[in-house]
Amino acid sequence: MPYINTEARLRTALVTLILDEYSLLETVHLPLPASERVIANQLAWRLRTEYERSWDVDVEYNRVGHGTAVKGRRTHQPDPATRPVDISIHHRGLSGRNDNLMVIELKTHGVENLASETTRLEKTQQHYDYQHAVLLDLDITRGTDPDGPPVLLQPSWLWLPGARTMSGVFDDESARQLSFDGWQARKGRTAALRAARDRDFD
């Protein structure tokens, strides 16, 4: 499979995101939720680790072609292909396929218009000659078990070129377990912080 290495790295980054940042992800259904940009930034940090600085990983990066062309700078109706995507994995200041690895568009709880999102992402990929483009939906829903995780994640993705439908990043059981593990990790960190605070005030 041509995407095996990039898929594996993105999947690993997602696992660490859920385990490390469940407290951020569970705000999505609150009145004041964390923005997709904040979540994208956390995912980008984990992708940076996966690529060990061999690639630059940027959030909403808006410059291409030796740092001179600016995405989205238009006096009239902007070209959808030039709107910044959420995450770019590339070599800054360089252009062309060998220096543009992947763009990722992130959603947190559903893709409202799959055809429109796919078309825009495909145009962006072609315009800047990226090797891969990914539409990634974390699909964060409210948990229904009062004794279980407050939110559940069932991530799915669509890879371009080629795909036209979303497919699961993890199987159902693995996704449920990952949500549970992230919730437990968050509870453990919260308990540790409270214990440390109580010691400080003793």
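Angle between the Cα long axis of helix 4-20 and the longest principal axis of the chain, 0 to 90 degrees, nearest 10? Tilt of helix 4-20: around 30 degrees.
Note on residue 141 and residue 98: the extension gain reaches 11.7 nm, defined as 0.36 nm multiplied by sequence separation minus the Cα-Cα distance.
Legend: calculated FRET efficiency, residue 194 to residue 11, from the Cβ-Cβ distance at R0 = 25 Å, rounded to 0.05, equals 0.15.
Treating each Cα of region 125-202 as an identical point scatterer and summing with the Debye formula, the log10 of I(q)/I(0) at q = 0.15 Å⁻¹ comes to -0.69.
How large is the dipole of region 4-201 about the Cα centre if only Lys and Arg carry +1 and Asp and Glu carry -1, each at its Cβ, rounded to the nearest 20 debye?
640
Calculated from DSSP H runs of 4 or more alone, at -39500 (n - 2.57) each and per residue, what is the 222 nm mean residue ellipticity of the chain, nearest 500? Mean residue ellipticity at 222 nm (helix-derived): -13500 deg cm²/dmol. Shown is the FRET efficiency for residue 32 and residue 180, computed with R0 = 22 Å from the Cβ-Cβ distance and rounded to the nearest 0.05: 0.30. Along its principal axes, region 4-201 has C-alpha extents of 54, 38, 36 angstrom, given from the largest down. Seen against the Cα atoms of the chain and their longest principal axis, helix 36-50 is set at about 80 degrees. Using the Cα centre of region 4-201 as origin and beta-carbon charges of +1 (Lys, Arg) and -1 (Asp, Glu), tell me which of 159, 169, 96 is placed farthest towards the positive end of the dipole. The Cα lying farthest towards the positive end belongs to 96. A cut-off of 5 Å between modelled amide H atoms, ignoring neighbours fewer than 5 places along the same chain, links residue 92 with 56. Over all directions, what mean area does the Cα convex hull of region 1-42 project, stated in square nanometres? Quarter of the Cα hull surface area: 3.4 nm².
Quick note: the coordinates plus some simple rules give every number you see, no bench work behind them. Keep in mind that what you see is a predicted model, and the values were worked out from it rather than measured. Here the Cβ is made from the backbone with ideal geometry for all residues, glycine too, and neighbour counts use every protein chain on show.
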